[in-house]
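Heads up: the structure comes next, in structure tokens.
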Amino acid sequence: MKTLHIISFDVPFPANYGGVIDVFYKIKALHALGVKITLHCFEYGRGEAEELKKYCDKVFYYKRNTSVFNLFSALPFIVKSRTSEKLIRNLLVDNAPILFEGLHTCAILNDNRLKNRFKIYRESNIEHEYYRYLATSEKNIFKKKYFLTEANKLEKFENQLSHANLMLVVSEEDTKYLQNKFSGKNIQYLPSFHPYNTIECNTGKGNYALYHGNLSISENYLAAEFLIKEVFSKTKHKLIIAGLNPQESLLQIAKHYSNVEIIANPTDEKLQSLLKNAHINCLYTHQESGLKLKLLNSLFAGRFCLVNDKMLYGTQLKNCCTIANTSEEFINQIDALFKLEFSESDVKNREENLQKFNVINNSKRIIESI
């Protein structure tokens, strides 16, 4: 494989949230192995990115059509809004394999004009399960209705994946689900791509705990709210919450606690510094889905990683983490971890347990599979 088309649901740079991190660092790793990439991006606010030209032979942008009329389509809105005849014309200029990033980009997976092409589906979530979770956590009645409707459409649309020649899945649990549903198809577990080539953890101690994520997403908002109200309100240890677009309501909650600080929209450099210098990376989720890239970031760059069981869904990373599920368990483990130093043996443990997340080796697997 010397050439590859990649269809991305969003412009994958800057690589500052979960989905695009996987896309960008996959592109970067494949480029390092000599693959000529034609990248197709659906754009809806992030703009064009010059950085992508360093790693791609060609980059095309398509305006995502977010018209409300697309809500009434039989297709899921996240799929219908990412359709483009121009995209198909650009795909037809050669016979290279096509990598579809996420179910969002799969509207043309069964297009008859592409029937002889090698098509790869890159899974990031079981989308209908994710949208049902969003519905349960959403308080706005109209948004809740949208999430439920979208979940039903996504579950039906998922059958289109039978037209893929290969599926590359981010978590082991999701791999089992798709293998069961699409028996006989070539479905492989391939962990998320990330920025790290080596373990970059600092030894020693830090003086704060960190939670990071896109704070405009309800899942991350609820996690941050839990950590503030149920955990750090009951301890003197410092908590820093860093991420994109925190809601005003979260900022107001944090103001009540002198040991809680929110850092909005940190640069990549600032976030990396926060990750590396934290004593504990606290990660909590209400939902089992995919592989959380914030978990990989914390394990490759941070010291102690304190998580709940749902954060480890679809992974075998328990040996790298301390586990707590209730607020009381979190408080007790935080108190215990702040008494410890992160040692060279802890770093060695990370190295042993994170070998399967090597981005170059996983890029080679993509090439070999095609």
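Dividing the helix sum by the residues of the chain, where each DSSP H run of 4 or more adds -39500 (n - 2.57), gives a mean residue ellipticity at 222 nm of -10500 deg cm²/dmol. The eigenvalues of the Cα gyration tensor, multiplied by 5 and square-rooted, give the chain an equivalent ellipsoid with semi-axes of 35, 24, 19 Å from largest to smallest.
Rank H194, H104, H31 by accessible area, highest first, at a 1.4 Å probe radius? Spell out each step's value before the answer.
On the way: H194 5, H104 30, H31 75 Å².
Solvent-accessible surface, decreasing: H31, H104, H194.
Across all Cα pairs in segment 206-340, the calculated P(r) in 10 Å bins from zero up to the longest distance comes to 13, 49, 35, 3 percent per bin. Compared with the direct C-alpha span, the chain from T326 to T235 gains 31.3 nm at full extension, assuming 0.36 nm per residue. Put simply, the C-alpha atoms of segment 1-140 give a gyration tensor, and the ellipsoid matching it has half-axes of 25, 18, 14 Å, longest first. Taking a Cβ cut-off of under 11 Å around S258, the surrounding Lys, Arg, Asp and Glu residues balance to a net charge of +2, with basic ones at +1 and acidic ones at -1.
Determine one quarter of the surface area of the Cα convex hull of segment 107-264, which equals its mean projected area, and express it in nm² to one decimal.
Details: hull surface 52.5 nm².
In nm², the orientation-averaged hull projection of segment 107-264 is 13.1.
Give the aspartates and glutamates whose C-alpha is closer than 14 Å to that of K153, dropping any in the same chain fewer than 8 places away, or say none. Cα-Cα hits under 14 Å: E127, E129.
What net charge do the residues around N297 carry, taking every other residue with its C-beta under 15 Å from that of N297, with Lys and Arg at +1 and Asp and Glu at -1? Write down the numbers at each step before the final one.
Values: positive: K270, K276, K292, K294, R303, R350; negative: D22, E200, D268, E269.
Combined, the nearby Lys, Arg, Asp and Glu give +2.
For the pair K176 and Q252, a Förster radius of 45 Å applied to the C-beta separation gives a FRET efficiency near 0.60, rounded to the nearest 0.05.
Helix 18-32 against the longest principal axis of the chain: what's the angle in degrees, Cα atoms only, rounded to the nearest 10? It works out to around 60 degrees. If I fit a long axis through the Cα atoms of helix 127-137 and take the longest principal axis of the Cα atoms of the chain, what angle between them do I get, 0 to 90°, rounded to 10? Helix 127-137 sits roughly 40 degrees off the main axis of the chain.
Going down the list K176/K292; K2/K181; K176/K294, which pairs span over 21 Å between their C-alpha atoms? The partial results should precede the final answer.
Details: K176/K292 18 Å; K2/K181 32 Å; K176/K294 23 Å.
Pairs exceeding 21 Å: K2/K181; K176/K294.
Where the alpha-carbon atoms of segment 4-60 are placed on the principal axes, they occupy 30, 21, 17 Å, in descending order. Using only Cα atoms and rounding to the nearest 10 degrees, what angle (0 to 90) does helix 268-277 make with the longest principal axis of the chain? It works out to around 40 degrees. Work out how much length I141 to A32 would gain on full extension: take 0.36 nm times their residue separation and subtract the Cα-Cα distance, in nm to one decimal. So the extension gain works out to 34.5 nm. Rolling a 1.4 Å probe over the protein chains gives E352 an accessible area of about 110 Å². The slack in the chain from D346 to K364, taken as 0.36 nm per residue of separation less the alpha-carbon distance, amounts to 3.6 nm. Taking Cβ atoms as reference points and 12 Å as the exclusive limit, the residues near N220 contribute a net charge of 0, counting Lys and Arg as +1 and Asp and Glu as -1.
What's log10 of I(q)/I(0) for segment 90-173 at q = 0.12, 0.13, 0.18, 0.20 Å⁻¹, Debye sum over Cα points only, no solvent? For the requested q values the scattering log ratios are -0.43, -0.49, -0.79, -0.90. Heavy-atom accessible area for E173, with the other protein chains in place and a 1.4 Å probe, reaches approximately 70 Å².
The values are calculated or read from the model by the stated rules, or taken from the named source; none is laboratory data. What you are looking at is a predicted structure, and each value in this text was computed from that prediction instead of being measured. So basically every Cβ, Gly included, is an ideal-geometry build from the backbone, and we count neighbours across all protein chains shown. With ligands, DNA and RNA removed, areas are computed over all heavy atoms of the protein, side chains included. Shrake-Rupley method; radii C 1.70, N 1.55, O 1.52, S 1.80 Å.
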